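The values are calculated or read from the model by the stated rules, or taken from the named source; none is laboratory data. Keep in mind that this is a model prediction, so the values were computed, not measured. Glycine gets a Cβ as well: all are built from the backbone with ideal geometry, and neighbour counts include every protein chain shown.
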Amino acid sequence: MALAEANPPSALARWLAQALGADSVRITGWQRMSGGAVQENHALDCVVIVAGREQGHRFVLRTDAPSAVAVSRSRAEEFAILRAVHAAGVPAPRAIALCEDEAVLGRPFYIMERLDGIAAGHILVRDDKWQGDRVALAGQLGEALARLHAIRPPRSDLAFLGAPPADAAHAAIGKYRAWLDQAGLARPALEWGLRWLERHAPAPGPAVLCHRDYRTGNYLVAGDKVTGILDWEFAGWSDRHEDVGWFCAKCWRFGQNGREAGGIGARKDFYRGYAAAGGASIDPAAVAYWESMAHARWAVIALQQGERHLSGAEPSLNLALTGRMVAEIELELLRRTAPEAA
Amino acid sequence: MTPDRPDAAELLAIARTTLMTEIVPALSGEQRLAGLMIANALGLAGREVAARMPPDESAVAAEDRAVVNSIRAGVLDHAIDIHDRLLRDAEARVAIANPKYR
């Protein structure tokens, strides 16, 4: 049963009133939003009554899907990350209140503000409405990333992220190989790429807070403004070039290969925004390396999504078709990793 | 070729399931009839493809496993011929999965 039907709105309204310090809260709209296989987002419209005054609020309620896989961060951890990045000046939804008491909705959840804008990557990269503002958008996305990367370990509020990896690249390669072995998959093309990445890893940079899924499709644009960066469930300490490479990688340009910054704008405008907001210098060779790593990582994720369908755990045409994207991702990885002469 | 999955029969099966659970219930009249015929065709094609598939791909799997082991051991780091072969294999798989990919 869906969350809204299974739970009387009164329990949520009572909890909200307490969390917001209000006399009472009236829920006027509660609807599941699209997207999110691992987490559920619900659009929540409320009237909040404080000292007899009514004010309308638009929230997002985020919770685990009933069949949640324990791979991503918990809602409580995501809440702490949102608080931290918002305080650092990253455009992101303001996290308002966390509820770990399962008596309210049966699962932990948190409430954040609902921002305007669209996130759909295939629309953002094609719609000519954005054509004139691409310089500004790419710049804002660079600025947002630099502000995020200004968050450095150690941080007691982010202690759950664990110790920063000494070498993010080699740690990733080891993780991907271990998963391939555990899944019993022999993928020569992907393994070629992983070996190349193992041999060409640049010296690791200082650890910073990385989003680790910073790409077109995961931020909201309204007008000519980036209103918020979304989907923080993979955030962790890493090399800043990982986020830059993931954002620019060909596999996340939604077919607009000429616009190297996420299919949305020019790489130079993205980098200019990054530098303007105080970001450390970007090493083009390190970004190129992490763009290759992005294809290796995306190949592993696509294989995992295909396996989720094949195992019978979650039969889904979408997951099945994502599984077949592995071929083009492997092709791109091979193109990027030609052997040098012996 | 390194086998990519879900394979043709598996894709036809999930396409048919999705059609029957998410599309056909919303159809009526002539369209419903067309939807059911598409489902029939997908089922038939799936069985035919499955019947034609080579029964044993273990030779390919063993070869892929051996290449993987050599790659990890570092003995193929400069093997331009292996890289070429993997490129051609990936191109052939992309020609099936997404022929418009550049």
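Tell me whether the range A:202-220 contains one or more residues that are assigned by TED's automatic domain parsing to the domain that holds A:Phe254 and in a helix (DSSP H, G or I). Taking every residue of the range A:202-220 in turn, none turns out to be assigned by TED's automatic domain parsing to the domain that holds A:Phe254 and in a helix (DSSP H, G or I). Scanning the range A:253-267 for residues that are buried (at least 24 other Cβ atoms within 10 Å of the Cβ) and not in a loop (DSSP other than H, G, I, E, B) yields A:Ala261, A:Gly265. Name the single residue that is nearest to the other protein chains (Cβ to nearest Cβ) among those in the range B:16-28 being among the β-branched types (Val, Ile, Thr) and in contact (Cβ under 8 Å) with a residue 12 or more places away in the chain. Per the stated criteria, the residue is B:Ile23. Could you please let me know if B:Leu42 is of a type outside the set (Gly, Ala, Ser) and within 21 Å of A:Asn318 (Cα to Cα)? The answer is yes for B:Leu42. Does A:Gly245 count as away from chain B (no Cβ under 14 Å) and touching a Phe, Trp or Tyr at 6+ places or on another chain (Cβ under 8 Å)? So A:Gly245 passes the test. Considering the range A:316-328, the residues that are modelled with pLDDT of 95 or more and not in a helix (DSSP H, G or I) include one that is farthest from the other protein chains (Cβ to nearest Cβ), namely A:Met325.
Restricting attention to the range A:293-309, does a residue exist that is within 14 Å of chain B (Cβ to nearest Cβ), more than 24 Å from B:Glu10 (Cβ to Cβ) and under 19 Å from the mean Cα position of the chain (by Cα)? Looking for residues that are within 14 Å of chain B (Cβ to nearest Cβ), more than 24 Å from B:Glu10 (Cβ to Cβ) and under 19 Å from the mean Cα position of the chain (by Cα), one finds at least one in the range A:293-309, hence yes. In a residue-by-residue description of the range A:258-270, the property of being within 14 Å of chain B (Cβ to nearest Cβ) and more than 20 Å from the chain's Cα centre (by Cα) applies to at least one position.
All conditions in (1) crowded, with 23+ Cβ neighbours inside 10 Å; (2) part of a loop (DSSP other than H, G, I, E, B); (3) of a type in the set (D, E, K, R) hold for A:Glu242, with the sole exception of (2). Return yes or no: is B:Ala95 under 19 Å from B:Leu12 (Cα atoms) and either over 15 Å from the mean Cα position of the chain (by Cα) or modelled with pLDDT of 95 or more (or both)? It is true that B:Ala95 is under 19 Å from B:Leu12 (Cα atoms) and either over 15 Å from the mean Cα position of the chain (by Cα) or modelled with pLDDT of 95 or more (or both). The criterion of being among the basic types (Lys, Arg) and closer than 24 Å to A:Leu190 by Cβ does not hold for A:Arg272.
Which is within 12 Å of chain A (Cβ to nearest Cβ), surrounded by 16 or more Cβ atoms within 10 Å (Cβ to Cβ), farther than 20 Å from A:Glu330 by Cβ and in contact with a helix residue (DSSP H, G or I) (Cβ under 9 Å, 6 or more places away or on another chain), of B:Ala13, B:Ala79, B:Ala90, B:Ala39? Selected residue: B:Ala13, the only one of B:Ala13, B:Ala79, B:Ala90, B:Ala39 that is within 12 Å of chain A (Cβ to nearest Cβ), surrounded by 16 or more Cβ atoms within 10 Å (Cβ to Cβ), farther than 20 Å from A:Glu330 by Cβ and in contact with a helix residue (DSSP H, G or I) (Cβ under 9 Å, 6 or more places away or on another chain).
For the range A:184-227, the tally of residues that are closer than 30 Å to B:Asp84 by Cβ and of a type in the set (Gly, Ala, Ser) stands at 5. Against the test of being surrounded by 15 or more Cβ atoms within 10 Å (Cβ to Cβ), at pLDDT 95 or above and of a type outside the set (Phe, Trp, Tyr), the options A:Arg152, A:Arg134, A:Arg195, A:Arg199 yield a single qualifying residue, A:Arg195.
For A:Leu331, the requirement of being within 11 Å of another protein chain (Cβ to nearest Cβ) and either touching a Phe, Trp or Tyr at 6+ places or on another chain (Cβ under 8 Å) or farther than 26 Å from A:Arg126 by Cα (or both) is met. Of all the criteria given as (1) at pLDDT below 95; (2) assigned by TED's automatic domain parsing to the domain that holds A:Leu180, the one not satisfied by A:Ala342 is (2). The condition of being more than 11 Å from chain B (Cβ to nearest Cβ) and over 20 Å from A:Gln182 (Cα atoms) does not hold for A:Ala313.
Inspection of the range A:106-118 finds no residue satisfying the criterion of being buried (at least 19 other Cβ atoms within 10 Å of the Cβ) and part of a helix (DSSP H, G or I).
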